[in-house]
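Notes follow once the structure below has been shown.
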Amino acid sequence: MTKVKFGVSQGEYGVVTGDLVPDATKKLPGLTTAKLEMTAELKQLTADDGPYVVLSGGISEAKLTLNTWDVGPEAQKDLYGVPTVKGVQIYSKNLRPNDIALMFRTKDEEGKGIYFALLKAKYTIPGVDTKTVDGAPDPNADEIEGTGAPRGDADTGNLVLVGRESDPEFSLAQFKKWVFPKTEEEAVISEDVPKA
C-alpha cells in the first residue's frame, strides 16, 4: 500500500483529434512540478434538524498545472498551434490551443511508478518570467495549466486516469493505449482487455 508519492518525470503528450490520438506521442522533458486538481460538486441537504443526504454532481473540473524548464517550439506548435517562420514563433490574435492528452509519472516509497493522465485538455500559453544573472544562474520554469474536458460522451466521459505499478493487473502498455488511443477499440476502457 502506497504511503507517499514523490518526484515527477516521463512527461508525454499527444494531440487529440475527436477522441483519438492519431499521431505519435512526444516527450515533454524538463518537468519540475505537476499539480492535478479535481473538483467534485457536492450538495448537502438537511432534514430532521441535521444533515440528511449529500448529493454529488460528479467531477465538474479537472486542472493540471505543470512547470517545465522550457516549452520549446515543437511543443508550442503541438499544444497551441504556434507556427515558426525562420526561427521566429508567431502568436496571432486568433490562436486556438489544441486538445491534448498528457501523462506523467511519479513514484511511491518502493520506487514503483504511479502514472497520471489528463485525457483531453487545453493548456494556457506560458509567459516569460526572467531576471538578470547575479552570480550563479537561477532560471525560472515555464508554467502551463490545462483545463480538462470529458473524452467520449459529454455526460459520462472520462477525465483522468491513474495507474499504479504496485497493482499486479497494471500494464503500462495498456494504460498508454487508453490515454493515447489510435482507434475506437483502444479507447474503450474495459475489464475484458487482456494484460499486455
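The values are calculated or read from the model by the stated rules, or taken from the named source; none is laboratory data. It should be emphasised that the depicted structure is a prediction, and the values quoted were computed from it without experimental measurement. Counting neighbours? That spans all protein chains shown, and the Cβs are built from the backbone with ideal geometry, glycine included. Accessible surface areas use protein heavy atoms only, side chains included; no ligands, DNA or RNA. Shrake-Rupley method; radii C 1.70, N 1.55, O 1.52, S 1.80 Å.
Values for this structure:
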| read-out | value |
| --- | --- |
| Tally, over segment 65-112, of residues that are surrounded by 13 or more Cβ atoms within 10 Å (Cβ to Cβ) and either of a type in the set (Ser, Thr, Tyr) or assigned to a strand (DSSP E or B) (or both) | 15 |
| Check on Thr156, open to solvent by 30 Å² or more (accessible area, probe 1.4 Å), closer than 24 Å to Ser60 by Cα and part of a loop (DSSP other than H, G, I, E, B) | yes |
| Residue match in segment 174-188 (condition: of a type in the set (S, T, N, Q), touching a Leu at 6+ places or on another chain (Cβ under 9 Å), surrounded by fewer than 17 Cβ atoms within 10 Å (Cβ to Cβ) and part of a loop (DSSP other than H, G, I, E, B)) | yes |
| Qualifying residue in segment 41-60 (condition: out of contact with any strand residue (DSSP E or B) (no Cβ under 9 Å at 6 or more places or on another chain) and closer than 23 Å to Glu12 by Cβ) | no |
| Top-ranked residue in segment 113-132 [being touching a residue at least 40 places away in the same chain (Cβ under 8 Å) and in a loop (DSSP other than H, G, I, E, B); ranked as most open to solvent (accessible area, probe 1.4 Å)] | Ile125 |
